[in-house]
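Here the structure comes first, spelled out in structure tokens, and everything after it is commentary.
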Amino acid sequence: MIFINIIFGKFVLFLIRVFSLGDGSTWPGHILLKLNKNFVKDLLKMNKQLNCVLIVGTNGKTTTSSLIDHILKKLDKKCFRNNEGANLLNGIASAFLKNATLTGRLEYDYALFEVDEFNLPFVLQQITPSAIIVLNLFRDQLDRYGEVNEIHNRWLKAFKQLTPNTQIFTNGDDPYLYYLVKDLDCRKNYFGVDIGKMKRTDLPHDIDFSYCPACFHPLQFQKISFSHLGKYLCENCGISSPKVEDFADRSLKYPLKGLYNIYNVNAALMFIENEVTPIKNKDLNYLLSGFMPIFGRQEPIIYQERKVFLHLVKNPVGFNQTLETLFKTKIRSNANFLILLNDRIPDGRDISWIWDVDFDRLLLTAKYISIGGDRAFEMYLRLKYETVLLPIDKVRRIKLKVYRSAEEAVAKSIMNLKQNEPLFVLATYSAMLEVRKILVGNKTK
């Protein structure tokens, strides 16, 4: 049965490629699961040597998966992943199909899968992973997921089915994730950042959790990195931050900018050290050397002899952290921005989250802000409301302009640039793919 499934699935994949109907990252798997709902489980029974690794979280899945893939290849390990971003079960099934032989063999050491937050329980019904990496949990796509408590409860039920054969790597700076895994029977590891990197002592307004997940009393935060990630204590029940691993203590030079990327790098390295091989301090920087930002994530692009930086933004925490990183590393004053806001299925229909983004500093720094996307006028309105709180001389200097197409928005934004001025593009997922196609074509690497 499994052989017939594979042959049929590869034929579907062949037709998709011949007729240029896409990259085959979802439909072959979708059709296979209709024919055999246990296709993934059946295939894994034939490949017991394969170590499956699930990576879940609101932000950072693609970066963390890419980091692990990069390191594994340097260690001469064979791996594959769902690198097209197809993180539902049909995308995972498609990845298995693409990499299986006609006889059903998967000649790899590791399979890395980014997993959609809502669909993690369904994936765990088909895959018994050797490891799960749990990065974070923030508000995202409220129309799909509801509030974060809904996702947390789904994960809590799903994780109770894990066995000691699974090793779990969790962001210990997230109180709700720590509570989620602390009593599980499987092997537990916690990554995070050193308290010295945390600058905030007050609760940010985009915080998703401020109450103890065990007893619902207010949490006390000694320091906060961003949102609800930090060093915490519940004075009522005693739940507190676990000891976390921060590889910066081992003279690591991080290849990516931003505090949020420190979490991603630490997660990847902790997985490698505990699941693959111990890492000597002198080898840390070698293993990360040559790693380049993934498409749309701090990606530098040269377009018409101008430098463009492309950033994916899809929720309040991610947007705020992207801006914070830009202000610390690249932006000084009179910067040029292009903001693209779509509300398609991959982005989420609900765009109310833009009202939780801190745009004041962006407006104080910007010279030109071009706005595009399906919901460009809503973004324009959001920015105009923000200007009410700004000094009048700053407001007069800012130039906001709405464009009806991504092509026009890119063209006009490039025209506004002076010599050696960069353009910073901030785009939701479908808008990022759209603008990236304009800038570089269909390349994803």
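The values are calculated or read from the model by the stated rules, or taken from the named source; none is laboratory data. None of these values were measured; they are calculated from a predicted model. For neighbour counting, all protein chains shown are included, and Cβ atoms are generated from backbone atoms with ideal geometry for every residue, glycine included.
Here is how the numbers come out for the structure above:
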{"item": "Yes/no for Leu67 being among the aliphatic types (A, V, I, L, M), closer than 17 Å to Ile132 by Cα and either assigned to a loop (DSSP other than H, G, I, E, B) or in contact with an Asp or Glu (Cβ under 9 Å, 6 or more places away or on another chain) (or both)", "result": "no"}
{"item": "Hits in the range 16-51 (condition: more than 19 Å from Leu88 (Cβ to Cβ) and crowded, with 16+ Cβ neighbours inside 10 Å)", "result": "Asn47, Leu50, Asn51"}
{"item": "Asn82 vs. criteria over 30 Å from Leu288 (Cβ atoms), within 24 Å of the chain's Cα centre (by Cα) and in contact (Cβ under 8 Å) with a residue 24 or more places away in the chain", "result": "no"}
{"item": "Top-ranked residue in the range 109-140 [being out of contact with any Leu (no Cβ under 6 Å at 6 or more places or on another chain) and charged (D, E, K, R); ranked as surrounded by the fewest Cβ atoms within 10 Å (Cβ to Cβ)]", "result": "Asp109"}
{"item": "Within the range 242-270, considering residues that are at pLDDT 95 or above and surrounded by fewer than 21 Cβ atoms within 10 Å (Cβ to Cβ), the one nearest to Asp183 (Cα to Cα)", "result": "Pro242"}
{"item": "Residue satisfying condition, being assigned by TED's automatic domain parsing to the domain that holds Val357 and either free of Cβ contacts under 8 Å to residues at least 40 places away in the same chain or surrounded by 15 or more Cβ atoms within 10 Å (Cβ to Cβ) (or both), within set Glu273, Glu305, Glu235", "result": "Glu305"}
{"item": "Candidates Lys231, Lys307, filtered to the one that is more than 30 Å from Leu423 (Cα to Cα) and either not in a loop (DSSP other than H, G, I, E, B) or not aliphatic (A, V, I, L, M) (or both)", "result": "Lys231"}
{"item": "Filter result (buried (at least 18 other Cβ atoms within 10 Å of the Cβ), touching a strand residue (DSSP E or B) at 6+ places or on another chain (Cβ under 8 Å) and farther than 21 Å from Ala248 by Cβ) within the range 276-300", "result": "Phe295, Gly296, Glu299"}
{"item": "Hits in the range 207-225 - residues which are part of a loop (DSSP other than H, G, I, E, B) and charged (D, E, K, R)", "result": "Asp208"}
